[in-house]
Amino acid sequence: QVQLVESGGGLVQPGGSLRLSCAASGTIRTIYTMGWYRQAPGKERELVAAITSGGRTNYADSVKGRFTISRDNAKITVYLQMNSLEPEDTAVYYCNAVLFGGNYWGKGTQVTVSS
């Protein structure tokens, strides 16, 4: 069994920053890709950013230049540094990990951007 635990969400003013973390634990053999998705009320879940085991990254157009994804393979942790936050970034952010043996999700962390 694999668990993903997110942390770092909260309330921030427009233009502010937050850093999300997601730590994986359990029976883990190989992690291929880790990433962050988000879901705003009334909208579908969408990819925000992803990073492969080799460090290749992929970003949604809406966050390019503002968000940075990184990972610590030794700690099996992925991070999302979010800068210049906008009200449109308000959503529940979910951690995702594609492993040998399955696709796993965290429970989500709320990010609210509001003045």
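Does segment 45-59 hold any residues that are more than 16 Å from Thr109 (Cα to Cα), at pLDDT 95 or above and not in a strand (DSSP E or B), and which are they?
Arg56
Could you list all residues from segment 87-115 that are outside any strand (DSSP E or B) and surrounded by fewer than 19 Cβ atoms within 10 Å (Cβ to Cβ)?
Across segment 87-115, the qualifying residues are Pro87, Glu88, Thr90, Phe100, Gly101, Lys107, Gly108, Ser114, Ser115.
If you take the residues of segment 32-44 that are touching a Lys or Arg at 6+ places or on another chain (Cβ under 9 Å) and open to solvent by less than 20 Å² (accessible area, probe 1.4 Å), which of them is modelled with the lowest pLDDT?
For segment 32-44, the residue satisfying everything is Met34.
Select, from Ser70, Ser62, Ser84, the only residue that is within 15 Å of the chain's Cα centre (by Cα), outside any strand (DSSP E or B) and not aromatic (Phe, Trp, Tyr).
That would be Ser62, the only listed residue that is within 15 Å of the chain's Cα centre (by Cα), outside any strand (DSSP E or B) and not aromatic (Phe, Trp, Tyr).
Looking only at segment 7-16, count how many residues are open to solvent by 30 Å² or more (accessible area, probe 1.4 Å) and either part of a strand (DSSP E or B) or of a type outside the set (Gly, Ala, Ser) (or both).
Residues meeting the conditions: 4.
From Arg19, Arg38, which residue is in a strand (DSSP E or B), closer than 13 Å to Asp89 by Cβ and not aliphatic (A, V, I, L, M)?
Only one candidate passes the filter, namely Arg38.
When segment 60-79 is examined, which residues are found to be of a type in the set (Asp, Glu), open to solvent by 50 Å² or more (accessible area, probe 1.4 Å) and at pLDDT below 95?
Matches in segment 60-79: none.
Go through Glu46, Glu6, Glu86 for me and flag whichever is touching a strand residue (DSSP E or B) at 6+ places or on another chain (Cβ under 7 Å), among the charged types (D, E, K, R) and without any contact (Cβ under 8 Å) to a residue 24 or more places away in the chain.
So the residue among Glu46, Glu6, Glu86 that is touching a strand residue (DSSP E or B) at 6+ places or on another chain (Cβ under 7 Å), among the charged types (D, E, K, R) and without any contact (Cβ under 8 Å) to a residue 24 or more places away in the chain is Glu46.
The values are calculated or read from the model by the stated rules, or taken from the named source; none is laboratory data. Just so we're clear, the structure is a prediction, and the values are computed from it rather than from any experiment. Virtual Cβ from ideal backbone geometry, glycine too; neighbours counted across all protein chains shown. With ligands, DNA and RNA removed, areas are computed over all heavy atoms of the protein, side chains included. Shrake-Rupley method; radii C 1.70, N 1.55, O 1.52, S 1.80 Å.
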